[in-house]
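Take a look at the structure set out below.
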Amino acid sequence: MSVHARFDNATPAITPVEMPPVVLRFAPLKPKQLSRFNMHDRRSGGDLNHVDLSLKTLNQIEHGDDNWIPKLKRRITLMADRNLKNEVRALKTKGRVAEAKRRQNEGPKSPWHANTDAPLREGILTVNKAWFGGTGADEWTQTRVDDFRKYAMAFLKTYFPGGQLIYAASHSDEEAFHIHFVTATWDTKTSGNRGQQIQLRAAANPILKSYEYAQDLAGAHFEKIGITRGERRAEARRKAKAAGLPAPEKRHHISPSEYREAERRKGRAEAAVTIDTVVEDCRTALKKTRQRASRTERAARRKTLKAELRLNSVQSEIVGAKTMLKKIHVECSKAEAARNSASETAGLILEDARDTGTKTLRKSRKRAVKEASARNAELARQAKAASEKRAIDERAAEIARQAEATALVQELRARTCASELAAKATAASDMLIQARSDRDVVLGELEQANTKRDAALLSADAAMAAETAALKNRNLLLAEAGEAEDAKNKAEVDAREAETQTSAMRTCADAFDTGLKYLAQDVIRYNPPSKIKSEGLAFSKVAPANKQDRQAIISRIQPVFPLLMKIARLIRTAVDTILARERCAIAHDIKALDEIRQNMGIGSNDALDDLRARYKEDENDPGRPDR
């Protein structure tokens, strides 16, 4: 939002100007707008955003006084009355009595032409603030301020002579030093129908009649202190028109209040656009943040799902390895049992063979000892049988040894198988560890995804907070704009009420003035109360006989009828009191004169007797109100 520069934040780029143009402007002014002009001049109301109120004590009146508005209004009223008298006199002189009476009954009219309601002119004299030295009184060069004040007042008094300059005041509480002034140009015109008429007519002063002429005079006057005339745009347009060329565009003056209002509207529009842009950006950022968080969360979910599937696969492989290991353990147990059984069987067979051989040997020895002599041939046969038996035993032992070797081979195979299964179990354990590590990595990534999601949510919350703050600022700006609009409407309503009250007071004042004139001219008079009717105001013999004229008189004095009644009563009482005192004095004089005549022996006089009889009642009652 653009902010109009104030004294506490103004940072303008001051570009020095060697010969800056003088600024002289006029504007029509209505008499009823004088109070508004005075309010702005006193800094008591209105738009004061461009004013540094701490410096308003530097403002001073350069011409006129504090009561210039009542004086001007009294002069306007006086001229209106004088113009009415001159017009009525001129009409009577031409024998137009009825028209003179009608014009007299209409009362005074505003002393200016009927085609305007703003006969006064307000103006301003200033120059670019860079010529004074900068923005505000603290940066001005005092000698330049004094020179400008001196030349400005000399210019106004020179070209608004004869009391045309009503009021002038210098203002030092704004960015550039300037002088506000009000002029009233009276012009006299005489005709046979209206006589001499003194009216407010701004065009009677050449400087107000031609704006270009005023600029020429101002430029020539201020050139001595380094200020020149403005650009001659009107002359350039005339020359272009005469040459058949496109005329430069005509510039239109924009008053400071209109400029500030336009800047405020522009600022409010820019603020609204900025707020809408911020809100839209916040919404877009929030949407993108939510989409990014959603994508991150979906990716984390996919990774988590893959890790869970991989973990389930590893767990299935581990369960299969455990089952296989259990089977291997069972087979190892069975092989160990078979080996133990084979070892036991071989031991039993070997021992049985040994026992059998020992027994056979013992028996053979016993038989050899017992039957050495008798059975030599039998001994050989038995030895052969023992050899065969030994061969069988050795074959049985060989079979036992082969069974033991087979058991050892099976045990070795079982151990090899167990080692392979242990290696597979170790690999499965490693895979489980890797799966757990992968699961931890996935969980870490999931945690990071959750952290990013939380950050995204925080960003979204921040964006929402920014959006809320922006909406709040927008609501505050809209509330300020609404308050400003309400204040403006209230000021307009107050101005209208004040204008209405002023108009009513003016109407009452005019009615009161007219009623006093009617009382003074004996058009209406006071009738005291009697037994038949109450007190009141009545038309006298010199009043118009026409019913419409009398009704017009009544309508004019109706707003102040009670006040006129009181004034008429007081006048009647005062006149009766004065007459009664005079009657009493006359009665005393007659009595003294009668005594002198008696002392001198002069006879009675009829005229004196009549006077004595007429004033005898008032001799002892000088204050009777009915006289």
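The values are calculated or read from the model by the stated rules, or taken from the named source; none is laboratory data. None of these values were measured; they are calculated from a predicted model. Cβ atoms come from the backbone with ideal geometry, glycine included; neighbour counts cover every protein chain shown. Calculation scope for accessible area: heavy atoms of the full protein, side chains included, ligands and nucleic acids excluded. Shrake-Rupley method; radii C 1.70, N 1.55, O 1.52, S 1.80 Å.
Table for the structure above
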| read-out | value |
| --- | --- |
| Boolean, D549 is of a type outside the set (G, A, S) and under 15 Å from K101 (Cβ atoms) | yes |
| Matching residues, region 79-125, being farther than 22 Å from K189 by Cα, open to solvent by less than 20 Å² (accessible area, probe 1.4 Å) and in contact with an Asp or Glu (Cβ under 9 Å, 6 or more places away or on another chain) | N105 |
| Given (1) open to solvent by 20 Å² or more (accessible area, probe 1.4 Å); (2) of a type in the set (K, R); (3) within 44 Å of the chain's Cα centre (by Cα), number of the condition R43 does not satisfy | (1) |
| Flag for H221 being modelled with pLDDT under 75 and either assigned to a helix (DSSP H, G or I) or not small (G, A, S) (or both) | no |
| Exclusive hit being over 26 Å from L78 (Cα atoms), open to solvent by 50 Å² or more (accessible area, probe 1.4 Å) and of a type in the set (G, A, S), set S534, S503, S540 | S534 |
| Selection status of D52, open to solvent by 70 Å² or more (accessible area, probe 1.4 Å), out of contact with any strand residue (DSSP E or B) (no Cβ under 8 Å at 6 or more places or on another chain) and among the charged types (D, E, K, R) | no |
| Among residues of region 179-215, those that are more than 43 Å from the chain's Cα centre (by Cα) and either open to solvent by 20 Å² or more (accessible area, probe 1.4 Å) or closer than 18 Å to P119 by Cα (or both), counted | 21 |
| R89 being among the charged types (D, E, K, R), more than 26 Å from S503 (Cβ to Cβ) and assigned to a strand (DSSP E or B) | no |
| Any hit, region 212-219, residues being in contact (Cβ under 8 Å) with a residue 24 or more places away in the chain and of a type in the set (F, W, Y) | no |
| Among residues of region 279-298, those that are free of Cβ contacts under 8 Å to residues at least 24 places away in the same chain, open to solvent by 70 Å² or more (accessible area, probe 1.4 Å) and under 30 Å from V441 (Cβ atoms), counted | 4 |
| Selection count, region 55-74, where residues are in contact (Cβ under 8 Å) with a residue 12 or more places away in the chain and in a helix (DSSP H, G or I) | 7 |
| Test: residue in region 306-326 that is surrounded by 15 or more Cβ atoms within 10 Å (Cβ to Cβ), modelled with pLDDT of 75 or more and part of a helix (DSSP H, G or I) | yes |
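Each row is one residue, and each column tells you yes or no for (1) at pLDDT 75 or above; (2) open to solvent by less than 40 Å² (accessible area, probe 1.4 Å); (3) more than 30 Å from Q448 (Cα to Cα).
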residue: G226; (1), (2), (3): yes, yes, yes
residue: E235; (1), (2), (3): no, no, yes
residue: A240; (1), (2), (3): no, yes, yes
residue: G244; (1), (2), (3): no, no, yes
residue: H252; (1), (2), (3): no, no, yes
residue: T274; (1), (2), (3): yes, no, yes
residue: T277; (1), (2), (3): yes, no, yes
residue: A300; (1), (2), (3): yes, yes, no
